[in-house]
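A short reminder: the numbers here are calculations on the coordinates, not readings from a lab. Being a predicted model, the structure only gives us computed values, none of them experimental. Here Cβ is always computed from backbone atoms with ideal geometry, including for glycine, and neighbour counts include all displayed protein chains.
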Amino acid sequence: MKELEEYLNSKIGLTNNKNLEALHRFFTEDQLKYLMDKTIAIVGTNGKTSTANFIYKLLSKETKQVLMFTSPHLVNFQERIQSYSDINFDFITRSVHDFETENNITLGYFETLFLIACKAFLDNEMDYFICEAGIGGVLDTTSVIQSKNVVLTNIGRDHQDLLGYTDLDVLDQKIFVSKSIDNLFVGELSDELIKVIENDYKHFKSKHLLRDFIDDKSKDFSSNQLNYLLASLIVNFLLGSNTKKVPLDFNLEFVEGRFEIINQNPLKILDGAHNIDGFIRTIEDYEKVYSSLDTYLYLGFKNGKNIENIISYLKPKKQYKLNFIEEKTFFNQQNPVKFIDYLESENIDYKIVELSTFSSNKNPSILLGSLYLIGEYKKRITT
């Protein structure tokens, strides 16, 4: 594992997805065919990691040998590749390094971990490879697999400079993570987008809509509950369950950094929501249970994120006290000074604070805005 860690450290900051045309050469034709058949590719704007984790846990409970590849990690890179099987990561690292040398290429951080995950899955001849896309789909590193089973969690606004500025643009990018799909599993999607999928896309044989498998259409599920239900639908189908309807009496399992309650009194929640759609859903989920509480929000965002739409959403919600984490607290953080003018022009009260104030505050508090922020907080409380 030490060899892998040193190898990855040499990759920090390198551009990802620049070697897409070369990656297929890492595999034999038989290996690509096995990956194509056994991979569950997960795309979508929000909920990918949660859905991946739920699929992983459900399949593992059925004694299936599973490897899960997700991103980003919160504290340690080992979070990105998980399996209950024993894996010789140092041996695999050498094979990836040899591939670079033989092909005269330099892999990015994400590309490197992706190939290591694939190699670990193949070497151990596992049953399922749960593979979360990085950004988008059609041009994402993970598209080299061309999986027969694709999960689309939802469509929203994020990475618009890369994926487009309309829901249709984003859908087009994500749904073509594979050009030939046997089973397309669709989570929380609008009627309009479902009609587009049904009428305009011809590259899948069968679609499975989450809403068709839920009996109680009136129930207002939380984001994590929907992700869990989607995972249950997928696992039931893959295992050949005769039960058409997903049971609603599930036990929701814990996923780090996704509406993670770390303390009850005072209430402390960590959530990596980092785009407007995810942010709104987190606040809505919170208000379903804690609507009467005056709550402190501790906010930090990566560079390039549209902060004004999030602030505009929060402006009429007077129960929230806005606290922005001071600059240079976490990787690639957007300096809160950049949007002070907007806050003051909208007459919005705010404070710029140290991250430690989240822990010391005796009032209900939520830390959100970036998974890198959540990761930095976790590093500090565990060291």
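Would you kindly calculate the translational diffusion coefficient of region 70-181, applying Stokes-Einstein with the Kirkwood radius from alpha carbon pairs, for 25 °C and a viscosity of 0.890 mPa s, and quote it in µm² s⁻¹ without decimals? All intermediate terms of the calculation are to be shown ahead of the outcome.
Working: Rh = 15.5 Å.
The diffusion coefficient I find is 158 µm²/s.
Order by neighbour count: L343, L226, L14, L368, fewest other Cβ atoms within 10 Å first, most last.
Least crowded to most crowded, the residues run L14, L343, L226, L368.
For region 327-371, just the Cα atoms, rotate onto the principal axes and tell me the three extents in Å, largest first.
Taking max minus min along each principal axis of the Cα atoms, region 327-371 gives 30, 26, 15 Å.
As a check on your grasp of the helix formula, calculate [θ] at 222 nm for the chain: sum -39500 (n - 2.57) over DSSP H runs of n ≥ 4, divide by the residue count, round to the nearest 500.
Calculated mean residue ellipticity at 222 nm is -11500 deg cm²/dmol.
Please list the non-local residues whose amide H lies under 5 Å from the amide H of I40, H modeled 1.01 Å from N, same-chain partners needing a gap of 5 or more.
Under 5 Å from the amide H of I40 lie the amide H atoms of F129, I130, C131, each far enough along the sequence or on another chain.
Loop-only check: which GluC sites (Glu not before Pro) in region 96-160 are DSSP coil with at most 16 other Cβ within 10 angstrom?
Sparse-neighbourhood loop GluC sites (Glu not before Pro): E125.
Students often forget the sequence filter, so: which lysines lie under 29 Å Cα-Cα from K64 once same-chain residues fewer than 8 apart are removed?
Straight-line reach from K64, under 29 Å: K2, K33, K38, K48, K119, K148, K174, K179, K205, K207, K244, K245.
Within region 94-199, which trypsin sites (Lys or Arg not before Pro) sit in a loop by DSSP and count at most 15 neighbouring Cβ atoms inside 10 Å? Don't skip to the answer; put the middle values down first.
Numbers: sites: R94, K119, K148, R157, K174, K179, K195; in loops: K148, R157, K179.
Hits after loop and neighbour filter: K179.
How would you classify region 1-148 from its alpha-carbon gyration tensor, with a ≥ b ≥ c the square roots of the eigenvalues: rounded for a/c under 1.5, else prolate if a/b is greater than b/c, otherwise oblate?
It is rounded, given that a/c, with a ≥ b ≥ c, falls under 1.5.
What are the residues whose amide H is under 5 Å from the amide H of I181, where those residues sit 5 or more places off or on another chain and H is modelled from the backbone?
HN-HN under 5 Å from I181: F204, K205.
Where in the chain are the helices, taken as whole DSSP H runs, whose Cα atoms extend 18 angstrom or more along the long axis and whose Kyte-Doolittle mean reaches at least 0.0?
109-123, 223-238
Run the reach check for K288 against aspartates and glutamates, Cα to Cα strictly under 20 Å, same-chain hits fewer than 8 apart removed. What comes back?
E188, D216, D220, D249, E253, E260, D271, D277
Which entry is the computed Rg and Dmax of the Cα atoms in Å for this structure: (1) 21.0, 62; (2) 26.9, 96; (3) 25.0, 83?
For Rg and Dmax of the Cα atoms in Å, the calculated option is (1).
Less than 14 Å apart at the alpha-carbon level, and either on another chain or at least 8 residues along: which aspartates and glutamates does that give for K318?
Answer for K318, where 14 Å is the Cα cut-off: E287, D294, E346, D349, listed by chain and number.
Cut-off is 10 Å between beta-carbons; in what order do H203, H97 appear when sorted fewest neighbours first?
H203, H97
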